[in-house]
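A.B. asks: Quick one: this structure, given as structure tokens, is what I'll be asking you about.
Nothing in this text is a laboratory measurement; each read-out follows from the coordinates by a stated rule. What you see is a predicted model, and the numbers here were worked out from it, not measured in a lab. Positions of Cβ are backbone-derived with ideal geometry, glycine not excepted, and every protein chain shown enters the neighbour counts.
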Amino acid sequence: MASYGVRDVRFGSPTRYDDGVLWVDRDELRRLLLRSGDFADVAIEVARPGEAVRLIHVVDAAEPRYKPDGPTDFPGFVGPQRTVGEGRTNRLAGLAVVSVGDAVAGEPTYWREALIDMSGPGADATVFGGTLNLVLAFAPTAKFLDASQPEASIGHTQIGSLVSQRYNRSIRQAQLEAAVYLARTTAGRRPDSTRTYELTPVDPALPRVVYLFQVNGVSIYADDTMLPVPTVMHPNEILDGALINFQANIHAAYRYITYFNQNHAVIDELYARHGVDLNFVAAILYPRGAMQVEKKDMLAEYVVKLMRMLGAQGACSSYTGGGHSAVDFMMICERCERLGIKTVQLMPESYGTPDEPGFVYYVPEAVAIASMGRATQEIGLPAPARVIGGDAFFDLPDAPGADLSVPYRYVFGSCPSTGNGYLVAREY
């Protein structure tokens with residue numbers, strides 16, 4: 001992983017990377033984004049740390065990446081569906097490509113709102129208050145706004161209509177094409193730093209640790225369908241663009257943002273400790289919860305079976321959020337601990353008063369929980385000078401440019417169980 005630090009983004013032709021400054025040919029990038037025919041327009045702006053700017057209707061964020069030796073960038077979106085995780089990848093460090101935009105026909109919005117403040121308390125609550133953000137504000141063409149068409153009906157209360165699914169995929173496609181377009185400016189240049197991620201052989205006496213990644217709202221190798229069964233994955237695949245967020249109707253606080261999958265803090269930490277005090281073996285991905293108890297039981301059995309086949313002695317586990325997912329999350333912990341597999345769980349808390357437990361479901365075996373913060377806690381956000389992304393919130397009564405007091409769940413990336421957040425809850 002070769003890092004090229006970005007200290008500023010400016011508009012100018014041609015697009016190039018020069019001494020830490022990324023110059024962007026706005027007209028050329030705009031033509032690239034509009035060529036699909038799915039967008040009536042796209043505005044391209046820069047939001048810098050410390051500016052009195054608020055982004056609303058945030059969809060996703062991705063870090064610019066480029067693989068100079070191939071075979072693919074963001075497999076299935078920008079390149080062929082090939083396994084990633086090997087070779088060299090160039091990254092523009094400190095920069096995020098952030099997509100924003102209004103909802104389309106048949107798109108649920110009750111969990112859709114997500115905001116980023118570039119200054120004040122909101123900026124301190126999320127990674128994206130400190131990144132240089134190249135903001136892509138998309139406006140859909142008329143075909144995505146026609147609510148009378150049969151495919152605009154909401155068939156799934158979380159994912160939405162077929163129309164909204166196609167539009168959201170178009171946004172991801174455009175966002176990732178922009179990410180590669182920008183990162184290609186690093187070709188042939190010397191990086192500021194490099195880091196190798198490799199599961200090298202280590203002392204067999206070190207405890208074998210597996211990362212358990214409960215996934216929801218992510219496309220795996222460009223496949224948006226639900227992961228059918230738990231699967232073993234090399235952690236490098238996650239870091240190298242195999243997992244892309246495709247669902248925006250999930251709480252902004254713990255949405256599995258593409259940028260966080262690319263810079264996965266838990267995986268990064270396990271790599272840093274590989275060969276030091278643990279043996280990082282693999283990642284296991286498993287889907288969010290089914291409704292039937294017998295299916296939950298089978299899911300937990302399947303995960304534990306893979307753990308035993310990998311010889312796992314410890315696990316670090318991330319929770320995707322939601323009720324059924326919480327039951328699966330705890331059932332897996334219960335089985336692991338009973339087999340002697342020590343399990344650390346990362347999860348945001350979801351309730352609002354000291355009398356409430358903070359967790360939807362709990363088992364006594366869950367003895368090592370790291371709280372990623374309480375998504376229901378209120379945060380005060382002072383009025384910005386400028387708003388990007390829309391003229392009105394989806395489900396908040398205030399104007400986007402007003403002083404706000406909102407739960408953390410509206411702050412994009414504030415309580416992620418990938419470990420990339422800045423919040424924690426402690427008992428005093």
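A.B. asks: Assuming a strict under-23 Å limit between Cα atoms, what lysine pair count do you get for the chain once near-sequence pairs (fewer than 8 apart, same chain) are dropped?
C.D. replies: So the count of such lysine pairs works out to 4.
A.B. asks: Just report the Cα centroid separation between the stretch 42-86 and the stretch 249-311, whole Å.
C.D. replies: Result: 23 Å between the Cα centres.
A.B. asks: Suppose R0 equals 35 Å; then what is the FRET efficiency for V276 and Y362 from their Cβ-Cβ distance, rounded to the nearest 0.05?
C.D. replies: 0.65
A.B. asks: According to a simple spin-label model (label point 7 Å from Cα along Cα-to-Cβ), what is the distance in nm between V293 and R338?
C.D. replies: Each label point is offset 7 Å from its Cα along the Cβ direction, giving 1.4 nm.
A.B. asks: Now for a separate question. Compute the longest continuous run of the chain that contains no exposed GluC sites (Glu not before Pro); treat a site as exposed when its DSSP state is not H, G, I, E or B and it has at most 13 other Cβ atoms within 10 Å.
C.D. replies: My reading of the result: 199-426 is the longest stretch.
A.B. asks: I'd like the Karplus ³J(HN,Hα) series for the stretch 130-143: coefficients 6.51, -1.76, 1.60, θ = phi - 60°, whole numbers in Hz, and an x wherever there's a Gly or Pro.
C.D. replies: Going residue by residue, I get x, 9, 6, 10, 8, 9, 10, 9, 8, 10, x, 6, 4, 5 Hz, with x marking Gly and Pro.
A.B. asks: Taking just the alpha carbons, could you work out the radius of gyration and Dmax for the stretch 155-265, both in angstroms?
C.D. replies: Every Cα atom of the stretch 155-265 included, Rg and Dmax give 17.0, 53 Å.
A.B. asks: Right, here's the next one. To check my understanding: the extent here is largest minus smallest coordinate of the Cα atoms along each principal axis. What are those three numbers for the stretch 134-181, in Å, largest first?
C.D. replies: The Cα atoms of the stretch 134-181 stretch 36, 22, 13 Å along their principal axes.
A.B. asks: What's the longest uninterrupted piece of the chain once you rule out the trypsin sites (Lys or Arg not before Pro) that are loop residues per DSSP with at most 14 other Cβ within 10 Å?
C.D. replies: Excluding the exposed sites themselves, the longest stretch runs over 196-425.
A.B. asks: Additional query: Ratio to report: Rg/Rh of the stretch 166-227, with Cα atoms as the point set and Rh obtained by the Kirkwood method; give two decimals.
C.D. replies: 1.12
A.B. asks: For the stretch 2-410, give the share of DSSP beta bridges that are antiparallel, in percent and rounded to the nearest 5; count only bridges with both residues there.
C.D. replies: Of those bridges, close to 45 percent are antiparallel.
A.B. asks: Okay, moving on. Could you give the length gained by full extension between A40 and H156, i.e. 0.36 nm per residue of separation minus their alpha carbon distance, to one decimal place?
C.D. replies: Result for the pair: 39.1 nm of gain on full extension.
A.B. asks: Taking amide H atoms as placed 1.01 Å from N in the peptide plane, list the residues 5 or more away in sequence, or in a different chain, whose amide H sits under 5 Å from that of T15.
C.D. replies: Residues meeting the criterion, in which the H sits 1.01 Å from N, are D25.
A.B. asks: Long-range amide H contacts for E107: which residues qualify at under 5 Å (H placed 1.01 Å from N, peptide plane, sequence gap of 5 or more or a different chain)?
C.D. replies: Under 5 Å from the amide H of E107: S161.
A.B. asks: Mind putting together the pair-distance distribution for the chain? All Cα pairs, 10 Å bins, whole percent per bin, short to long.
C.D. replies: Answer for the chain: a P(r) of 5, 22, 32, 27, 12, 2, 0 percent.
A.B. asks: On full extension of the chain, what length is gained from D19 through D398, given 0.36 nm per residue of separation minus the C-alpha to C-alpha distance?
C.D. replies: 132.2 nm
A.B. asks: For the pair A52/V424, report the inter-label distance in nm, with labels modelled 7 Å from Cα in the Cβ direction.
C.D. replies: Those two pseudo-labels are separated by 3.4 nm.
A.B. asks: Name the long-range amide H neighbours of G373: under 5 Å, sequence gap of 5 or more, or other chain; modelled H, no Pro or chain starts.
C.D. replies: Amide H neighbours of G373, under 5 Å, 5+ apart: E349, A425.
A.B. asks: In whole Hz, what ³J(HN,Hα) sequence does the stretch 74-87 give by Karplus (6.51, -1.76, 1.60; θ = phi - 60°), x for Gly and Pro?
C.D. replies: Listing the rounded values in order: 6, x, x, 9, 10, x, x, 7, 10, 5, 9, x, 10, x Hz.
A.B. asks: Mind ranking 157-165, 17-25 by how tightly packed they are, going by the mean number of other C-beta atoms within 10 angstrom, highest first?
C.D. replies: 157-165, 17-25
A.B. asks: Once you have the Cα-Cα distance between L227 and T196, take 0.36 nm times their residue separation minus that, and quote the gain in nm to one decimal.
C.D. replies: Working it through step by step, the gained length comes to 8.3 nm.
A.B. asks: Moving on to the next point. Per residue of the stretch 261-272, what does 6.51 cos²θ - 1.76 cosθ + 1.60 with θ = phi - 60° give for ³J(HN,Hα)? Whole Hz please, x for Gly and Pro, Karplus curve as stated.
C.D. replies: Whole-Hz 3J(HN,Hα) from phi for the stretch 261-272: 5, 5, 10, 5, 5, 5, 4, 4, 5, 5, 5, 4.
A.B. asks: Moving on. At what distance in angstrom do the alpha carbon centres of the stretch 216-234 and the stretch 126-199 lie from each other?
C.D. replies: So the separation of the two Cα centres works out to 18 Å.
A.B. asks: With springs connecting C-alpha atoms under 10 Å apart, model the chain as a Gaussian network and identify which of M331, M307, M233 has the largest mean-square fluctuation.
C.D. replies: Answer for the Gaussian network model of the chain: M233.
A.B. asks: Then there's this: Å³ per residue of the Cα convex hull, for the stretch 50-152?
C.D. replies: 147
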